[in-house]
Amino acid sequence: MEIIDGDKERKMKSTRNFNFLIFKTYSNNLQKFRGFNIKYSNLLSKDRSYINSSIYVGRHSKLEVLFKLNPEKLKIAVLGGTGNIGEGMVLRLALQNLMTEGVKNEIIIGSRSRESADEAAKAALSELENCGFDTSSITITGNTNLEAARAAEIIILTIRFDHVLPLLDEIGEAIEDKIIVTPVVPMVKEGDLFVYKPPAEGSAALAIQKKVPASTKVVAAFHNISAGKLKDIVKCKAVHHALVCSDDAEAKKLIVELTRHMGCLTPLDGGPLRQANTMESLTPLLINLAKLNGLKDLGINFS
């Protein structure tokens with residue numbers, strides 16, 4: 001396992017014995033890929049598995065086959081989308097609409113205040129435009145948490161653990177037969193460092209599973225991906241592995257496919273949901289390592 005410092009990766013690349021994988025860099029036509037590594041001028045010809053894992057089967061996508069989803073655009077709610085993790089998640093999801101093989105989607109930012117959510121949606125579109133992206137095919141809107149959950153097929157929780165269970169009470173009637181994605185980590189600060197403090201169920205993911213309707217599929221993912229990494233939509237200093245676990249095999253496959261096309265992230269199957277506590281505990285570890293060693297946006301690459 002390799003701990004990657006996103007801030008220093010570029011300086012260190014000449015000493016690495018592994019190849020940079022890929023990053024989808026977009027030019028004005030937004031259809032070109034730029035691959036780079038240490039030894040090869042064209043990495044894309046060496047390993048296309050990260051960009052050519054086509055999710056289309058005939059006229060229908062695997063997503064449609066796996067779930068009764070919108071055949072045109074997947075509706076994804078990012079609850080807590082006004083925070084750092086939420087902002088990065090919104091940007092990464094939005095850019096999939098500009099990729100040939102990206103999972104086309106509409107994003108609804110959820111917040112306690114519709115006005116705050118609306119402002120976050122406008123800010124996300126503005127950020128994309130400022131980075132040179134054409135936003136004409138991107139839809140990002142804001143709404144209350146409940147209305148965002150009602151409109152969505154996938155719901156991503158990007159809020160603090162102590163707010164999660166009350167939120168699930170609020171949106172309970174809107175999440176039946178849907179997929180909940182949780183990057184939520186129960187941790188507290190003790191002194192200068194963070195400590196993982198799971199609930200009685202063993203992890204935030206298991207506590208969420210216990211709280212939601214039986215028809216709701218819970219997927220744990222993105223715990224080891226920093227907000228800075230998600231928000232870095234122009235540069236790719238390293239490819240990080242994103243761990244995904246769930247008790248529902250088809251929901252997990254869907255989130256793996258969604259992650260595969262986020263750019264600079266490589267999904268790995270992390271097993272059943274009971275493994276979520278191990279994944280969640282990586283977050284305080286990475287934060288503490290960054291603080292103690294003067295690093296930034298740490299991630300993990302398994303090799």
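Readers should treat all values here as calculations from the given coordinates under stated rules, not as data from a laboratory. Model, not experiment: these values are computed from the prediction. So basically every Cβ, Gly included, is an ideal-geometry build from the backbone, and we count neighbours across all protein chains shown.
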If you take the square roots of the eigenvalues of the alpha-carbon gyration tensor of the range 186-303 and sort them as a ≥ b ≥ c, do you get rounded (a/c under 1.5), prolate (a/b over b/c) or oblate?
-> oblate
When we measure straight from the Cα of K210, which aspartates and glutamates land under 16 angstrom away, once same-chain ones fewer than 8 places off are left out?
-> D162, D169, E170, E173, E176, D177, E201, D247, D248
Whole-Hz ³J(HN,Hα) from phi, Karplus 6.51 cos²θ - 1.76 cosθ + 1.60, for the range 100-109, glycine and proline x = 4, 10, x, 7, 5, 8, 10, 10, 10, 7
In sequence order, calculated HN-Hα J values of the range 255-260 (Karplus, 6.51, -1.76, 1.60; Hz; x Gly/Pro) | 5, 4, 5, 4, 5, 4
Would you list, by chain and number, the aspartates and glutamates whose Cα falls below 12 Å from the Cα of K291, excluding same-chain residues fewer than 8 positions away?
-> D5, D192
The simple spin-label model distance between D177 and E119, using points 7 Å out along Cα→Cβ, in nm, is 3.7 nm
